[in-house]
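S.K.: The structure follows.
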Amino acid sequence: MATCVKDLSETITDYTDSGFQFVCTPLFHPRYRHREGLNTEPVTRSDAVLYSSTWSKCVVGLISDWINVETTDEKCQKRAEAAFTQEFKWGVHLAVPAIVIPTLPANPTQLGSLLSNLLPTVNYSELWVTIPLSPKATSVPDSPSTDAWKDWNILRSLLESHPLLGIALEITEDLPEDSELNRWIGEPIKSVILPTSVFMSTRDGKPCLSQRHSKLVNRLMDFPKIHWIIKGRADASDTIPYLHALKHIASKRKVLTEHEQLELTYSDFLQSPLQPLKDNLESQTYETFEKDPVKYVQYENAVFEAILDKTKGISGTTSTQPLVVMVLGAGRGPLVRASLNAAKRANQSIRMYAVEKNPNAVCTLLNAHKTLGWGETVTIVHTDMRVWRAPEKADIIVSELLGSFGDNELSPECLDGANSFLKPDAISIPVRYDSFLAPVSAHKLWCDVHTFKTLQAFETPYVVKMHNVFVPVESQLCFSFVHPNFSNEEGHNERRTSLRFRIPTTTTVHGLVGYFDCTLYKNIHISILPRTFSKGMFSWFPIYFPLRTPVTVQGAADDTSIGSNFEVKMWRRCSTSKVWYEWCIVDPVVSPIHNPGGRSYHVGL
């Protein structure tokens with residue numbers, strides 16, 4: 001971050017040659033004050049001092065810190081508005097990548113009003129609002145708010161979470177509690193400002209960060225799109241040691257695996273849930289799922305235990321009668337191979353039926369049957385399991401029909417359809433799966449949904465590799481399903497629930513995040529629930545149910561009289577042709593019911 005330098009072109013060259021990508025510098029000279037009337041003298045340096053490409057890549061513009069549009073003095077307020085507008089429009093004219101407001105005033109309603117008129121005219125430049133983690137420690141002359149998050153939330157709400165609006169998070173010498181830091185992780189942090197004053201010195205005089213500061217910086221480096229700004233030195237040569245300190249922290253970070261690098265590209269990317277009953281999966285989708293290093297190991301272990309229980313034997317003994325194992329939804333064969341491996345481990349003969357409706361996957365199965373020599377052990381059946389008339393009844397059924405919310409890819413309906421060909425004591429793998437739900441603060445996800453500008457978009461659940469989010473409280477059990485389900489007298493799998501949460505920290509809730517925890521058999525699990533997560537498993541991301549209007553929840557920790565302060569209702573609805581979810585908030589406000597009748601989203605039967 002540079003002061004108002006004499007030769008901007010030379011300064012940019014010095015910094016870029018030293019390894020920096022851009023310079024953050026005042027748009028107007030700090031001594032300039034806006035005056036009414038026509039100017040006979042230039043108010044700032046000419047835009048011709050740099051090529052337009054340099055302005056748009058190498059300069060971030062800083063609004064003058066003397067401007068306070070929230071002043072109660074009407075004359076000063078009008079002058080401040082005019083000056084802010086002039087500097088802002090100059091930054092837009094230069095097409096700088098970002099314009100930085102150096103301090104966020106308390107209760108910034110006037111600033112919100114001003115920006116609501118300015119932002120619609122902007123196509124390129126982002127607006128970064130500087131927010132110090134500990135407001136009292138800021139070096140900005142104007143007195144900042146004592147509750148920066150509250151004032152940020154006011155500004156963000158006034159501007160309807162404008163996509164160009166973001167945060168320049170200033171790291172301070174004193175850091176807040178971890179709960180406060182976690183809340184900022186769910187916000188649109190565009191840049192991080194590191195004042196040189198927060199650095200300490202090593203024995204040889206090099207700058208370094210405290211352990212807690214290093215931990216925070218390392219965590220923020222998980223977000224590769226964040227820009228880093230070093231503040232406090234005017235010359236590039238003086239700033240280089242601090243850049244090296246940052247690079248040293250980056251060099252100590254864990255090297256991502258190939259799959260982790262691939263997952264990173266999906267971070268906070270909205271995806272529609274699969275509908276495998278309606279659509280046939282593509283080869284690439286099968287291939288991705290088959291690379292999961294955890295899921296099929298767990299399935300093999302579950303089948304192995306089930307075979308032992310069925311035969312009451314141990315490894316090394318053989319039952320004279322083969323067990324009937326049915327793989328329902330065999331795909332390209334990973335569950336077939338896992339089940340055959342389990343039978344071999346148990347030294348037990350089996351007779352297997354691999355049932356699959358996708359003709360393209362069946363082609364792969366038939367090729368595998370031939371090349372792997374499955375012979376008479378495996379019979380491949382090309383049909384929908386719900387209408388199949390099996391030639392005999394199964395001892396064990398194996399399926400992988402789970403979605404991110406457990407039941408959202410219609411596993412209950414599919415497996416209930418298989419009840420007709422199960423023995424009374426048949427074992428289902430999985431035997432149980434539970435869905436879980438929690439409120440989530442997810443500014444970016446909500447903005448991405450908002451860009452569609454349709455009701456349908458806000459009434460559709462999305463599969464998301466959640467990254468830039470804050471989950472303020474542990475999730476709660478939502479729906480449960482057990483198989484085999486011979487006792488389903490109603491003939492449907494409708495569910496409803498009401499969940500009450502006690503959110504400790506004041507938070508804006510942008511929607512609900514869903515997970516599942518699945519018991520394959522006995523104590524063998526697969527799970528995407530954070531507290532029971534199957535480490536290394538990547539076949540599923542969480543599911544996101546957006547809210548049409550974000551809800552700010554007053555933190556229970558801020559008011560000890562509050563018990564639960566957030567209540568959500570969720571329904572799983574069924575008809576003869578589709579299954580869908582409906583959801584709404586009933587506390588602290590009552591929201592509309594989302595997706596009534598499955599009008600915007602459903603899963604076809």
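S.K.: Lys and Arg at +1, Asp and Glu at -1: add these up for the other residues within a Cβ distance under 10 Å of L175 and post the number.
M.R.: Details: positive: R212, K215; negative: E173, D174, E177, D178, E180.
Cβ neighbours under 10 Å give a net charge of -3.
S.K.: Test of understanding: express the Cα radius of gyration of region 175-245 as a ratio to 2.2 N^0.38 Å, with N the residue count. Don't jump to the answer; show the numbers that get you there.
M.R.: Values: Rg = 13.0 Å, N = 71, 2.2 N^0.38 = 11.1 Å.
So region 175-245 has a normalised radius of gyration of 1.17.
S.K.: So what is the relative contact order for the chain, in percent, with contacts set as C-alpha pairs under 8 Å and at least six apart? Don't skip to the end; give the middle numbers.
M.R.: Details: 1148 pairs, mean separation 63.0, N = 605.
After rounding, I find 10 percent.
S.K.: Now for a separate question. Considering only DSSP beta bridges where both residues belong to the chain, give the percentage that are antiparallel (nearest 5). It would help to have the intermediate numbers written out before the result.
M.R.: Working: 50 of 95 bridges.
So the antiparallel bridges amount to about 55 percent of the total.
S.K.: For the chain, which whole-number percentage of the solvent-accessible area (1.4 Å probe, protein heavy atoms only) is attributable to carbon and sulfur atoms? Show your work: numbers first, answer last.
M.R.: On the way: 14120 of 27770 Å².
Roughly 51 percent, rounded to a whole number.
S.K.: If the reach is capped at under 19 angstrom between alpha carbons, list the aspartates and glutamates near K310, excluding any in the same chain fewer than eight residues apart.
M.R.: Excluding near neighbours in sequence, the set is E300, E392, D395, D425.
S.K.: A further question on this structure: As I understand it, the value is the acute angle between the Cα axis of helix 8-17 and the longest principal axis of the Cα atoms of the chain; what does it come to in degrees, rounded to 10?
M.R.: 40 degrees
S.K.: With every protein chain kept in place and ligands, DNA and RNA left out, what is the accessible area per residue of region 87-242? Probe 1.4 Å, answer in Å².
M.R.: Spelled out: the 1.4 Å probe surface of region 87-242, per residue, equals 44 Å².
S.K.: Let me ask something additional. Given (i) 27.6; (ii) 26.4; (iii) 28.5 as candidate values of Kirkwood radius over Cα pairs in Å, which corresponds to the one derived from the coordinates?
M.R.: Checking each listed value against the structure points to (i).
S.K.: A further question follows. Filter K6/K231; K295/K357; K291/K370; K252/K444 down to the pairs with a C-alpha to C-alpha distance above 24 Å, please.
M.R.: On the way: K6/K231 18 Å; K295/K357 22 Å; K291/K370 22 Å; K252/K444 28 Å.
Violating the 24 Å limit, Cα to Cα: K252/K444.
S.K.: Hey, what's region 456-605 come to in accessible area per residue, 1.4 Å probe, Å²? Don't skip to the end; give the middle numbers.
M.R.: Working: 6110 Å² over 150 residues.
In whole numbers, region 456-605 has 41 Å² accessible per residue.
S.K.: If one computes the Cα centroid of region 355-392 and of region 201-264, what distance in Å separates the two points?
M.R.: Spelled out, the Cα-based centre of one part sits 54 Å from the other.
S.K.: Another one. In whole Å, what three semi-axes, largest first, describe the equivalent ellipsoid of region 448-605 built from its Cα gyration tensor (square root of 5 times each eigenvalue)?
M.R.: On the way: eigenvalues 136, 91, 58 Å².
They are 26, 21, 17 Å, listed from largest to smallest.
S.K.: Could you please report the charge total around V59, scoring K, R as +1 and D, E as -1 over all other residues with beta-carbon less than 15 angstrom from its beta-carbon?
M.R.: -4
S.K.: Using the alpha-carbon atoms, what tilt in degrees (0 to 90, nearest 10) does helix 236-251 show relative to the longest principal axis of the chain?
M.R.: 10 degrees
S.K.: Right, another one. Over region 302-390, average the accessible area per residue using a 1.4 Å probe and give it in Å², no decimals. Walk me through the numbers on the way to the answer.
M.R.: On the way: 4160 Å² over 89 residues.
Result: 47 Å² per residue.
S.K.: Continuing with this model, one more query. Nearest 500 deg cm²/dmol is fine: what mean residue ellipticity at 222 nm does the chain get from its DSSP H runs of n ≥ 4 alone, each adding -39,500 (n - 2.57), divided by its residue count? Mind showing how you got there, number by number?
M.R.: Values: 16 runs with 168 residues, N = 605.
Helix-only estimate at 222 nm: -8500 deg cm²/dmol.
S.K.: Note down the Stokes-Einstein diffusion coefficient of region 503-586 in µm²/s, whole number, using a Kirkwood radius over alpha carbon pairs, 37 °C, and 0.692 mPa s.
M.R.: Details: Rh = 15.7 Å.
For these conditions, the coefficient is 209 µm²/s.
S.K.: If I fit a long axis through the Cα atoms of helix 148-158 and take the longest principal axis of the Cα atoms of the chain, what angle between them do I get, 0 to 90°, rounded to 10?
M.R.: With both axes taken from Cα atoms, the answer is about 80 degrees.
The values are calculated or read from the model by the stated rules, or taken from the named source; none is laboratory data. The shown structure was predicted, so the numbers you read here are calculated from the model rather than taken from an experiment. Counting neighbours? That spans all protein chains shown, and the Cβs are built from the backbone with ideal geometry, glycine included. Protein only, heavy atoms only, side chains kept; ligands, DNA and RNA dropped before computing areas. Shrake-Rupley method; radii C 1.70, N 1.55, O 1.52, S 1.80 Å.
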